[in-house]
1. With the cut-off at 27 Å, tell me which of the pairs 72/134; 89/129; 49/73 have Cα atoms farther apart than that.
2. With the contact rule set at Cα under 8 Å and sequence spacing of 6 or more, what percent relative contact order holds for segment 67-158?
3. Ignoring any ligand, DNA or RNA, what whole percent of the accessible area of the chain comes from carbon and sulfur when the probe is 1.4 angstrom?
4. Averaged over all directions, how much area does the convex hull of the C-alpha atoms of the chain cover when projected, in nm²?
5. With every protein chain kept in the model, how would you rank 138, 16, 74 by accessible area, 1.4 Å probe, largest at the top?
6. Segment 50-138: which GluC sites (Glu not before Pro) are DSSP loop and have at most 16 other beta-carbon atoms within 10 angstrom?
7. For residue 88, what is the net charge nearby, where nearby means another residue's Cβ is under 11 Å from its Cβ and Lys, Arg count +1, Asp, Glu -1?
8. Taking a ≥ b ≥ c as the square roots of the Cα gyration tensor eigenvalues, with a/c under 1.5 meaning rounded and otherwise prolate when a/b beats b/c, else oblate, which class fits segment 43-100?
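The values are calculated or read from the model by the stated rules, or taken from the named source; none is laboratory data. Owing to the predicted nature of the structure, the values given are computational and were not obtained by experimental measurement. Here Cβ is always computed from backbone atoms with ideal geometry, including for glycine, and neighbour counts include all displayed protein chains. These area figures cover heavy atoms from the full protein model, side chains too; ligands, DNA and RNA do not enter into them. Shrake-Rupley method; radii C 1.70, N 1.55, O 1.52, S 1.80 Å.
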Amino acid sequence: MAGYIDSEERAQENRSSAWTLLIVGGIGLVVIILGMLNVIALPFSGFNKYMICGVLGVLCIIFVGSGFISIKKSKTYSESASAERDNEKQILAWCQENEIAKKIDDAIANQFPDLPEEEVYFRRYEGLKFFVFKNFESMSVPFLEHVVDEIYDSLFED
């Protein structure tokens, strides 16, 4: 099973890739155009010059096109990140309203009164995961695991 990748992180990666592709593709196109106009000297001549510049030109156009596609994906991931933050807040609010942390701690205290602190963490984590999965099963499992990791400290402040 693949791990969860935050949409905000994906948006940043796509933005970074987009700018890299646009800059490299743009510079390449400028160099090719200047070379074809004999403004800068290229180390090719005759048919080879047109062949190499044509192939590199197509490659640079592909870079620029891929850059614009990455910008579009970045915007989509940014919107998804906003929805994910809202879902995370909703899950945290639900846990606080229903006093999930108290229910989990009470269950652990009743079943395992002399449990070491390290083991309490794992029991709390599994209990929180159970409640969240049970009540928000329409969301993806990797996202719910991510949310449990994120809200654990907010619920179990010692």
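1. Checking Cα-Cα distances, 72/134; 49/73 exceed 27 Å.
2. Taking the mean separation of contacting Cα pairs over the length of segment 67-158, I get 31 percent.
3. Whole-percent figure for carbon plus sulfur exposure: 59.
4. For the chain, the mean projected area of the Cα convex hull comes to 14.1 nm².
5. Sorted descending by solvent-accessible area, the residues read 138, 16, 74.
6. For GluC sites (Glu not before Pro) across segment 50-138 that sit outside H, G, I, E and B with at most 16 neighbouring Cβ atoms in 10 Å, the list reads 99, 137.
7. -3
8. Prolate is the answer for segment 43-100, as a/c is 1.5 or above and a/b outweighs b/c.
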